[in-house]
1. Once you order the gyration tensor axes a ≥ b ≥ c over the Cα atoms, which shape class does the stretch 397-444 get: rounded for a/c under 1.5, otherwise prolate or oblate by comparing a/b with b/c?
2. Cut-off under 24 Å on the C-alpha distance; same-chain residues fewer than 8 positions from Lys44 excluded. Which lysines are left, in chain and number order?
3. Going by average Cβ density within 10 Å per residue, which order do the peptides 85-95, 47-57 take, highest to lowest?
4. What does the highest-first list of 168-174, 312-318 look like by mean Cβ count within 10 Å?
5. Considering only DSSP beta bridges whose two residues both sit in the stretch 1-128, what percent are antiparallel, to the nearest 5?
6. Counting every Cα pair in the stretch 1-156, what percent are over 24 Å apart?
7. Report, in debye and to the nearest 20, how large the dipole of the stretch 361-447 comes out about its Cα centre when Lys and Arg carry +1 and Asp and Glu carry -1 on their Cβ.
8. Tally Lys and Arg at +1 and Asp and Glu at -1 over the other residues with C-beta under 13 Å from the C-beta of Ala486: what net charge comes out?
Amino acid sequence: MSDGQSLTLILAGERDTIEFGEDLALALKPGDCVALSGDLGAGKSTFARALIRAMADDVNLEVPSPTFTLVQSYDELRIPVAHFDLYRLGDSSELDELGFDEALLSGICLVEWPEMAGELLPASRIVMKLEHEGTGRRVTITAPAPALLRIRRALAIREFLNSRGYAGASRRFLTGDASMRAYESVTTSAGEILVLMDWPKRPEGPPVLDGKPYPKVAHIAEDAYPFVAISQYLRGIGLTAPEVLHVDYDQGILLLENLGNQGVLDEDGRPIEDRYRESVVCLGYLHAHAMQQDLPIENGPIHHVPDFDPTAMKMEARLLLDWYLPWKRGEQPSEEERQDYLAIWDGLIGELASAEKNLLLRDFHSPNIIWQPEQAGVRRVGLIDFQDAMIGPTAYDLASIVQDARVDIPKALADLMMIDYLTLRRSLGNFDEASFLKSWAIMAAQRNCKLGGLWVRLKQRDGKPQYLQHMPRTLRHLSTALTHEALAPLRDWCARAGIDFSES
């Protein structure tokens, strides 16, 4: 293996070996080959069994030794795993017959006795050598730098938990999102279930505007301070957000209260009416509070919530030009089309100068609402994923939930949600409904222009084609927004550009 780097661990006993296997299950990804070498009794099988059970989230999963079968496959796991034992391999050429290459294409290969494969294992393999060390084991890991970085990250999270009183906690993959964050479920030794947010710092991307990368122009949070500040603010005004129990700002590791797993969709993925309607009431409650742009962080600095400024709005809307149109038409838009589109958005964004503004959560829709059945009123609406919040038109978040990007909302329910919100805001006084509805249409159009380009970017740039399933819904939502008279210029531009809403 070329360009390998190494690290060494001491595992005091079998429990440490099992814990290490569970932690590595969070670090591996499809295409990883882990070559396990060591004498009999060194712990190879213990490690492999723990990793496979963690990947299955089943501590009682039967994991037989592949000594006689040579390979044992686990295709139904979060990531498929093929467990090879090559001790009885007659010739290294037989590895092909065992389906090694096919298993590595879509999953992880654990290989005991890798020396029997000769040079047929990939050069990028992760080599783990286990040796007896007193009553425990010494593990030496040699791997390419990117793989070793993932492993070090998993170990850093374990150290974070140990240092904060959670030694022996069980960790399992919870979810990842379209960003670079990942989440784990952490079960403490006392049986309490918490959520860990894994948010490592990332190198700056290429400049997209005025020499700045996309996150800086769009005000995407780059560290944990905004999440902590906004969580404390939301909780302080009586809303439900996860309490931040522990945080390491430098490493980007947060341990959070677990709000549970009940969402606003039923088992068939359909919206639950009373939960969606309560969600818009929650928004009305939030918007009724005086705007606060500087949020203090307990034992930390002041977080200045950024403005959803014209530059950010326009750059997000530009995703339709930069990604959707080239994907749909097979060619870039003309310079005239581009300039016309951007000029239209200059005008629409100018219309928002007098719009009502407050804290804008940014992604207020079904994946980020956790229902709290034991609570009452708006506290039943648990809020997560608000680290990118800005100060902007309050209509944006209402558009985000009424036009949920991930689920079809029946028109009757969407209409009720609008009525619920507007009725509440009227009852509180000092509410310009006509201005708000115009802002709603502009923000709905801006959000859907952004999403139309984002789904394509996630597919083409990030290798996540699954998000394209939301494209028809996004185009329907855009079409709805364009019915407002203020959007006539954009509606006409879309017609000239050949955007066919009938396909949605």
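1. Working: a/c = 2.64, a/b = 1.56, b/c = 1.69.
In terms of gyration-tensor shape, oblate.
2. Lys29, Lys129
3. 47-57, 85-95
4. On the way: 168-174: 17.6, 312-318: 21.0.
The peptides rank, most packed first, as 312-318, 168-174.
5. Working: 4 of 16 bridges.
Roughly 25 percent of the beta bridges in the stretch 1-128 run antiparallel, per DSSP.
6. Working: 3136 of 12090 pairs.
Tail of P(r) above 24 Å: 26 percent of Cα pairs.
7. Values: 9 positive and 11 negative charges, 24 e Å.
The calculated dipole for the stretch 361-447 is roughly 120 debye.
8. On the way: positive: Lys438, Arg491; negative: Glu351, Glu485, Asp492.
Neighbourhood net charge equals -1.
The values are calculated or read from the model by the stated rules, or taken from the named source; none is laboratory data. All values reported here derive from a predicted model rather than from experimental measurement. Cβ: placed from backbone, ideal geometry, glycine included. Neighbour counts: every protein chain shown. With ligands, DNA and RNA removed, areas are computed over all heavy atoms of the protein, side chains included. Shrake-Rupley method; radii C 1.70, N 1.55, O 1.52, S 1.80 Å.
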